[in-house]
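Note sheet for the following structure.
FYI, it's all coordinate maths here, none of it is from the lab. Only a predicted model underlies this, so the values are computations on that prediction, with no experimental measurement involved. Note that we place each Cβ from the backbone using ideal geometry, even for glycine, and neighbour counts take in every protein chain shown.
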Amino acid sequence: MEPAPKKIATPKGLPPARKVARSRPQGRLSIASLMDERGTVKVDDVADAFAMSKAQLAETAGLAREVFQKASRRGGPKAQTRVREMLEIISLVQGWAGGPAQAMAWYRAEPIPAFGGRTAEALVKSGQAGAVRDYVDHLATGGYA
């Protein structure tokens, strides 16, 4: 018979600490793993994969914070397109960025000189995801930044 696990003492008046399981991407992130059988991006899974709230994910994709709160808006064409574009770029970048988390950091924060110092995030928000994909493809084939 094994002894019962010890309880961790918490300061008086505070609820006991609990671990929140978040699935951060390990290795390569597959876009297909974040979609359902109809090809709809599963927003909850994307948020969990990058340890973001749905509101943070919406902001990152250039959408209103409330968009992912209702299922009808979550599956809308604008929301789905923006999240899919973001995932496509992150998928292209993750190989040389060091993984999905680093690719997301690049997407959100790294200024791209060829676009006047704007980030991939800012470009996608302004409808220029195709230009970012072309730029990343250019780099992947040995082109200069």
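The slack between T81 and A32, meaning 0.36 nm per residue of separation minus the straight C-alpha distance, is 16.2 nm.
All Cα-Cα distances of the stretch 25-102, cut into 10 Å bins from zero to the largest, leave 19, 56, 23, 2 percent in each bin in turn. The string of couplings for the stretch 53-69 from the Karplus curve (6.51, -1.76, 1.60, θ = phi - 60°) is 7, 5, 5, 5, 5, 4, 4, 4, 8, x, 10, 5, 4, 7, 4, 8, 7 Hz, one whole number per residue in order, with x for Gly and Pro.
Near Q56: Cβ cut-off under 11 Å, other residues only, Lys/Arg at +1 and Asp/Glu at -1. The net charge is +2. The GluC sites (Glu not before Pro) found in the stretch 62-117 that occupy coil by DSSP, while having at most 12 further C-beta atoms within 10 Å, are E66. Scaled against 2.2 N^0.38 Å for its residue count N, the alpha carbon radius of gyration of the stretch 69-145 is 1.14. For R118, the amide hydrogen comes within under 5 Å of the amide hydrogens of I112, counting only partners 5 or more places away or on other chains and with H modelled in the peptide plane.
Taking amide H atoms as placed 1.01 Å from N in the peptide plane, the amide H of M35 lies under 5 Å from those of K42, each 5 or more residues away in sequence or on another chain.
Each Lys or Arg adds one and each Asp or Glu takes one away; over the other residues whose Cβ falls under 10 Å from the Cβ of A120, this sums to +1. Computed from phi, the 3J(HN,Hα) profile of the stretch 88-96 under the Karplus parametrisation 6.51, -1.76, 1.60 (θ = phi - 60°) reads 4, 5, 4, 5, 5, 8, 4, x, 8 Hz, with x in place of Gly and Pro.
Computed packing ranks the peptides 32-45, 110-123, 49-62 as 49-62, 110-123, 32-45, most packed first, by mean other Cβ atoms within 10 Å.
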